[in-house]
Amino acid sequence: MQQVVTEAAGEELSLAERAYRAIRDRLVMLEIRPGAPINEEQLAQSLGVGRTPVREALKRLQYERLITTYPRRGTFATDVNITDLAHISEVRQELEPLAAAQAARRATAADRAALTALRRELRDAAGRPRDAAGLMSLDLRVHRAVYAATHNPYLADTLVRHDNLATRIWCLFIDRLSDMAGHVEEHGPLIEAIVGGDPDTAARLARGHVVNFERAVREAI
């Protein structure tokens, strides 16, 4: 599985932040399966860090509902519950359009360059054989780039958490989804609206993307 998160040029990450990002994306992409036990020592060895950074990362991931701890039983990846889809979509239908509109208004030259590069990746992906894992990784990176372009850390953090939970649901039903590539390619016009500074179009497209995602998952159940 390819790494989802790409670090900004010159970005200095603590060991705990590195551990957090790596474990988070393993959970989001279901490399760590729902309900699987979380072994701090094994994670530390696989990441090449000590147990303290892993422990710090796991505290954050519990807050983000990606892991859960049971007294006397241990720590486990949270189950993926389809009944959560409506609650997650309810939040995203309100906040994704806001984020897209604010990104269109506030994106810096660097943000627009990063989004334009992702737009090129979307075009390239459309002409290649459909790799599910690669498409999902690209989907996550587009969402996170849009959130970063809002320059509102509270909005971005909230949406990253909810997008992570939505992606876990998507991963669970990936074999049943008929047009995953089409869902990811919906980001192309959205990126163009943001880069072009069109907040109204960006908001409309972002809302439609969330609605289409929920519909596709429900049809696959």
**Request:** Go through 106, 120 for me and flag whichever is over 17 Å from the mean Cα position of the chain (by Cα), surrounded by 15 or more Cβ atoms within 10 Å (Cβ to Cβ), farther than 23 Å from residue 217 by Cα and of a type outside the set (Phe, Trp, Tyr).
**Result:** 106
**Item:** Residue within region 68-81 that is of a type in the set (D, E, K, R), part of a helix (DSSP H, G or I) and within 29 Å of residue 215 (Cα to Cα) present
**Value:** no
**Item:** Spans of helices (runs of 4 or more DSSP H) in region 82-192 with at least 3 residues aromatic (Phe, Trp, Tyr), out of contact with any helix residue (DSSP H, G or I) (no Cβ under 8 Å at 6 or more places or on another chain) and modelled with pLDDT of 95 or more
**Value:** none
**Message:** Looking at region 189-200, can you tell me whether even one residue there is surrounded by 22 or more Cβ atoms within 10 Å (Cβ to Cβ) and within 28 Å of residue 31 (Cβ to Cβ)?
**Reply:** yes
**Request:** Would you be able to say whether some residue in region 129-143 is farther than 20 Å from residue 174 by Cβ and open to solvent by 20 Å² or more (accessible area, probe 1.4 Å)?
**Result:** no
**Request:** Can you confirm whether region 58-65 contains a residue that is over 17 Å from the mean Cα position of the chain (by Cα), of a type in the set (Phe, Trp, Tyr) and open to solvent by 70 Å² or more (accessible area, probe 1.4 Å)?
**Result:** no
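The values are calculated or read from the model by the stated rules, or taken from the named source; none is laboratory data. Note that the coordinates shown come from a computational prediction; the quantities given were computed from them, not determined experimentally. Every residue, glycine as well, gets a Cβ built from its backbone with ideal geometry; the counts of neighbours run over all protein chains shown. For accessibility, only protein heavy atoms count, side chains too; no ligands or nucleic acids. Shrake-Rupley method; radii C 1.70, N 1.55, O 1.52, S 1.80 Å.
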